[in-house]
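Okay, structure first, notes after.
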Amino acid sequence: MANSSWHEHLIYGTRKLRIEKYVSEGWRAFRTHFLTFFLAGIIAMVLSALSLGILGGVLFAGYAMMFVRFFRDQKTPEIEHLFQYFSRFVPLFLASLIYFAAALLSTSFRVTPFLGILVIPGIFVFALALYIIPLMIDRNLSLRDAIRQSVEMGWNRSGLLMNCIFALLLCLMMFVGAQVFLIGTFITYPLFTGTLAAAYLDLSRAEAATRMTESPSAQRREPVMPAD
């Protein structure tokens, strides 16, 4: 997209998001290993709630990587994979605070219509923070480096506007699930996570292709999504 205008770059970035495909991939993964993803999602949400969100980041990291490894490596998910990343509890907890702050802003209209003006900044922050936790675990990055690369993915790689639309869809997915007490969330949480994992892998594949084009001798292995 080197010859595209600045507004096209702002909208689409260097890799057009295939949102429908990501949702479809997330749903396919959930359906394929329904019992495992369903039970793991329940465990993650219940333990996060009981810990007042303290365990949210580390459990979400394990849950997201179950999807990532299923997509990329065809690895069968197991519930114990949920607990693999407690060694990185502190940075994952800090990352979860960023997610929480963005989600709080994005749903501020529920408190009072006046706070609705905070929804747009909330979606903006959430869009740029989407890939922090997958990046931290999959590439073994520090929180600082993961934030920087997530912003790069959300701003340049996928296009800020399209990524904001994607983030809004994810927020709406969880919001709709929350309206149907417990049952709805137990379905939308796996779908949310699988959809995000599919998007992360697709953008990683595009990033790897760009790097190989710029440096043909690069040998670093990057995660890829299954071919269409």
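Out of all the residues in region 37-64, which are touching a His at 6+ places or on another chain (Cβ under 9 Å), touching a residue at least 24 places away in the same chain (Cβ under 8 Å) and farther than 16 Å from M174 by Cβ?
Just the residues of region 37-64 that are touching a His at 6+ places or on another chain (Cβ under 9 Å), to begin with: 40, 62-63.
Subsequent filtering for residues that are touching a residue at least 24 places away in the same chain (Cβ under 8 Å) retains 40, 63.
If the condition is that a residue be touching a His at 6+ places or on another chain (Cβ under 9 Å), touching a residue at least 24 places away in the same chain (Cβ under 8 Å) and farther than 16 Å from M174 by Cβ, then A40 is the only one that fits.
Would you mind stating whether S150 is polar (S, T, N, Q), surrounded by 22 or more Cβ atoms within 10 Å (Cβ to Cβ), touching a helix residue (DSSP H, G or I) at 6+ places or on another chain (Cβ under 9 Å) and at pLDDT below 85?
Answer is no for this residue.
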* For region 179-228, enumerate the residues that are modelled with pLDDT under 70 and crowded, with 20+ Cβ neighbours inside 10 Å. => P223, M225
* Structure fact -> Per the list (1) at pLDDT below 95; (2) in contact with a Gly (Cβ under 8 Å, 6 or more places away or on another chain), residue check on W27 breaks on (1)
* To do: Considering only region 82-100, state which residues are within 17 Å of R139 (Cα to Cα) and touching a residue at least 12 places away in the same chain (Cβ under 8 Å).
  => Q84, Y85, F86, R88, F89, P91, L92, A95
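The values are calculated or read from the model by the stated rules, or taken from the named source; none is laboratory data. Computed from a predicted structure; not experimentally measured. All Cβ positions, even for glycine, are placed from backbone atoms using ideal geometry, and neighbour counts span all protein chains on display.
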